[in-house]
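The values are calculated or read from the model by the stated rules, or taken from the named source; none is laboratory data. Keep in mind it's a predicted model, so treat the numbers as computed, not measured. Virtual Cβ from ideal backbone geometry, glycine too; neighbours counted across all protein chains shown. Quick note on the areas: whole protein, heavy atoms, side chains included, nothing else; ligands and nucleic acids left out. Shrake-Rupley method; radii C 1.70, N 1.55, O 1.52, S 1.80 Å.
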Amino acid sequence: MESMNTLRNIVGCMAAIALMSVSAVAQNRPDLSGVWELRFDSKNVPPAPLTPAAASEDRNVQYEHDLHAVRWCHFFGVPYVMDVTPIGVTQNTNGKEVLITTSVRNPSRHIYSDGRPHPSQETFDPVSGGNSTGHWEGDAFVVETVGFSDEGITAIPGGGHRTAGSRLVERFRLINNGNQLSVVSTWEDSRVFSKPHTYEYRYYRAPKGTELREYDCNAADENRAKYLTPATKAASK
């Protein structure tokens, strides 16, 4: 019995040391936490290098798809939620997760940084926000997102749209003495882009006391629905 208790104590001590080590490493990393906002000079988005097939797509199809998501209060997903201002970033001190919240009707982005892989596509249902995992490369938090659905607002800044085969890599990094958050996004999708499409957003740290508002969405509001119904469909009725 005494040897068993000793073993339990050793295992407990090892677990405690491991947790302390993880916490210490996490505390030595840049803290991305805060409320961040976009300004007029926050976006550097070049035209996307589209494939001939993607470039020839009917733009009205994309327009109606995204407007439909707004009309019916769908979860808008990535990348749209990164274009909402302000955004809130919470970096867990245990190093397991970074959370991004916005004011629109959308689940928070859970970016898992505990080393777990993306779930199997056989068990994971694609969603508008995809599945995100992250790791640190020096002072940059590198996030990979896959597992997208075709729901929500699928338009991508610069041109093109996300598909089930899209892969997004984001590099989050504090700049300007921590007063700005740089997010460099790179999209890869052979059906949409002839080569990876990269752009950068630079968020400014919001003034102290800035809070995220929560906007309601009522799909049953008739006046709202009439306003958001595409003119092409309205004319055919």
Rg over Rh of the range 22-127, using C-alpha atoms and the Kirkwood radius, what does it come to? 1.04
Counting only C-alpha contacts under 8 Å and six or more residues apart, can you give the relative contact order of the chain as a whole percent? 24 percent
Two pseudo-spin positions, 7 Å from Cα along C-beta at Asp31 and at His110, lie apart in nanometres by 2.4 nm
If you roll a 1.4 Å probe over the range 84-237 with all protein chains in place, what percent of the accessible area is carbon or sulfur? 48 percent
Tell me the volume per residue, in Å³, of the convex hull enclosing the alpha carbons of the range 125-237. 185 Å³
Computed [θ] at 222 nm, helices only, for the chain once each DSSP H run of length n ≥ 4 contributes -39500 (n - 2.57): -7000 deg cm²/dmol
Could you calculate the contour length gain from Glu137 to Thr163, that is, 0.36 nm times the residue separation minus the distance between their Cα atoms, to one decimal place in nm? 6.6 nm
Angstrom value of the Kirkwood radius, inverse mean 1/r, which spans all Cα pairs in the chain: 20.0 Å
Mind checking the per residue accessible area of the range 122-237 for me, 1.4 Å probe, whole number of Å²? 56 Å²
